[in-house]
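The values are calculated or read from the model by the stated rules, or taken from the named source; none is laboratory data. Values in this document were obtained by computation on a predicted structure and should not be read as measured data. Backbone-built Cβ (ideal geometry, glycine too); neighbour counts: all protein chains shown. Note: areas computed on protein heavy atoms with side chains; ligands, DNA, RNA excluded. Shrake-Rupley method; radii C 1.70, N 1.55, O 1.52, S 1.80 Å.
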Amino acid sequence: MEKKNPDGPAQFWREYEERYGENVHAYVLGRYLSGWEEYEGPLWGLLIATGGGFRFHHFPHESWLTALSRVARGDKGPEEKTIFIPRDRICSAELYREKSLLKRILLASPPLLILRYRKEAGEGETATLRAETEEKAAALLPFLHPNA
């Protein structure tokens with residue numbers, strides 16, 4: 001029987017912080033929908049509040065059947081996708097929850113993280129990143145403000 005590494009998640013986050021040179025304050029699983037020109041959603045990944053701002057990190061995956069057919073065609077495999085928005089470019093962050101009880105019952109949808117940010121430093125054009133997530137995403141909000 002194989003033993004699980006009890007330090008696995010802690011080790012992952014230590015290595016993540018070393019890789020990016022930022023402390024990780026909070027994280028939650030989510031599904032990026034829109035708001036970053038480079039990527040088309042939906043993409044599953046981690047929504048992360050760091051010392052430097054907001055990160056979305058999509059870890060590539062594929063089934064063995066997909067991998068087998070990809071290799072047979074000579075195609076490249078899926079790649080990591082990351083988004084980084086520096087804290088000083090974040091205008092606002094909110095967790096939107098449907099308020100209507102009837103809509104929540106009939107059209108069950110997870111909360112939305114809505115992050116408004118400036119595309120460039122200074123007073124540049126703004127954009128809105130949207131990601132479906134869970135209630136625990138509220139833990140990200142205190143760290144996603146320019147004054148945090």
Query - FRET efficiency, 1/(1 + (r/R0)^6) with R0 35 Å, evaluated for Glu80 and Ala121 via beta carbons - result: 0.90
Requested in this report: Ignoring everything but the protein chains, give the 1.4 Å probe accessible area of Ser92 in square angstrom, nearest 10.
Outcome: 40 Å²
Query raised in the report: Pulled fully out, how much extra length does the chain show between Leu107 and Asp7, if you take 0.36 nm times their separation in residues and subtract their Cα-Cα distance?
Result: 32.1 nm
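Considering only the other residues whose Cβ falls under 12 Å of the Cβ of Ala127, what net charge follows from Lys and Arg at +1 and Asp and Glu at -1? Walk me through the intermediate numbers first.
On the way: positive: Arg89, Arg116, Arg118, Lys119, Arg130; negative: Glu37, Glu38, Glu120, Glu125.
Around Ala127, the surrounding residues sum to +1.
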Query raised in the report: What is the sum of charges around Phe54, taking Lys and Arg as +1, Asp and Glu as -1, for the other residues whose C-beta is under 10 Å from the C-beta of Phe54?
Result: +3
**Report entry** Extension gain from Arg73 to Arg19, taking 0.36 nm per residue of separation minus the Cα-Cα distance
**Finding:** 16.1 nm
